[in-house]
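What follows is one structure encoded as structure tokens, with my remarks underneath.
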Amino acid sequence: MNKISFLSASLIFAVLIIPITLTFGEELKPIQLLKPQLDIGRPLMQVLKDRSSSRSFSTRKLPVQLLSNLLWAAFGFNRLEEGKRTAPSARNWQEIDIYVAMAEGLYLYDAKKHTLTPVLSKDIRAMAGKQDFVKDAPVNLIYVADFSKMGNAAKEDKELYSAADTGFISQNVYLFCASEGLATVVRGSIDRDALAKAMKLRADQKIILAQTIGYPKK
Ligand SMILES: Cc1cc2nc3c(=O)[nH]c(=O)nc-3n(C[C@H](O)[C@H](O)[C@H](O)COP(=O)(O)O)c2cc1C
């Protein structure tokens, strides 16, 4: 191969092959969650005694079974045949979507399929809250109200009810974490505009709160 054809071949490799490899390498795959384990957990009164906020997290990742149990407890379907879930929602609108920010990227919890659907193959944890621990904890749930699911309710009602509905989901997560010995804190301290932009949300989607989850830091 002469010098010119070698250079042309290298150029073709750089322009065509490298980007293709990177694109495939970066592709975020859906995560099939596992069946929630319904026979685990400590007695409710002891869990309530231990429920608390913690701001100190290990960077250790959560296994898929634990993540599956956590998301089902948060807002999974507990009465699939009636289309009802583990947390109540005003007029059964079920308008809160749970986005899951982890090191490998951002996912959306699809409760019906019990799957995490890829949204972004980018680590956006640093944007999920203003506090330092947020970017290093393995899981940040971002509770997003989808106002398009709330019919023609007035804007104030959409805001009020979606905030209340988020509270129930967050408390489910608090109780699950207390039962399983995980650390968690629900957070309002978020740059919502910047995060919504990073998540590519629509104008009728509103970030209500976020919640960090992980093993306690030893
Ligand atoms: C709506 C709401 C927003 C909160 N925002 C934050 C926050 O941005 N950062 C934080 O560290 N804690 C936040 N918290 C946690 C509270 O500070 C915490 O619940 C309170 O201090 C009581 O502590 P406990 O949860 O351990 O009982 C928030 C709690 C709620 C209910």
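Scanning the stretch 183-209 for residues that are out of contact with any helix residue (DSSP H, G or I) (no Cβ under 8 Å at 6 or more places or on another chain), hydrophobic (A, V, I, L, M, F, W, C) and either in a strand (DSSP E or B) or within 12 Å of the ligand (Cβ to nearest atom) (or both) returns V185, I190. Considering the stretch 166-178, and only residues there that are open to solvent by 20 Å² or more (accessible area, probe 1.4 Å) and under 25 Å from K218 (Cβ atoms), the residue that is nearest to the ligand (Cβ to nearest atom) turns out to be L175. Contact annotation: residue pairs with Cβ atoms under 9 Å, 6 or more positions apart or on different chains, pairing a residue in the stretch 176-187 that is over 15 Å from T59 (Cα atoms) and among the basic types (K, R) with a partner that is open to solvent by 20 Å² or more (accessible area, probe 1.4 Å) and assigned to a strand (DSSP E or B), are R187/L209.
For V186, the test of being closer than 26 Å to L28 by Cα, of a type in the set (A, V, I, L, M, F, W, C), touching a strand residue (DSSP E or B) at 6+ places or on another chain (Cβ under 8 Å) and surrounded by 17 or more Cβ atoms within 10 Å (Cβ to Cβ) is failed.
Could you check the stretch 146-155 and list, in sequence order, the residues that are assigned to a helix (DSSP H, G or I), of a type outside the set (G, A, S) and open to solvent by 30 Å² or more (accessible area, probe 1.4 Å)?
If we filter the stretch 146-155 for residues that are assigned to a helix (DSSP H, G or I), which is where we start, we get 147-149, 155.
With of a type outside the set (G, A, S) added as a condition, the list becomes 147, 149, 155.
Result: K149, K155.
Of all residue pairs spaced 6 or more apart or on separate chains, those with beta-carbon atoms under 9 Å, a first member in the stretch 41-52 that is closer than 18 Å to L70 by Cβ and a second member that is part of a loop (DSSP other than H, G, I, E, B) are V47/G41; D50/R42; D50/G181.
Of all residues in the stretch 51-97, those satisfying the criterion of being hydrophobic (A, V, I, L, M, F, W, C) and either in contact with a helix residue (DSSP H, G or I) (Cβ under 6 Å, 6 or more places away or on another chain) or within 16 Å of the ligand (Cβ to nearest atom) (or both) are F57, L70, A73, A74, F75, A87, A90, W93, I96.
The values are calculated or read from the model by the stated rules, or taken from the named source; none is laboratory data. Since the structure is predicted, the reported quantities are computational estimates derived from the model, not experimental observations. So basically every Cβ, Gly included, is an ideal-geometry build from the backbone, and we count neighbours across all protein chains shown. Quick note on the areas: whole protein, heavy atoms, side chains included, nothing else; ligands and nucleic acids left out. Shrake-Rupley method; radii C 1.70, N 1.55, O 1.52, S 1.80 Å.
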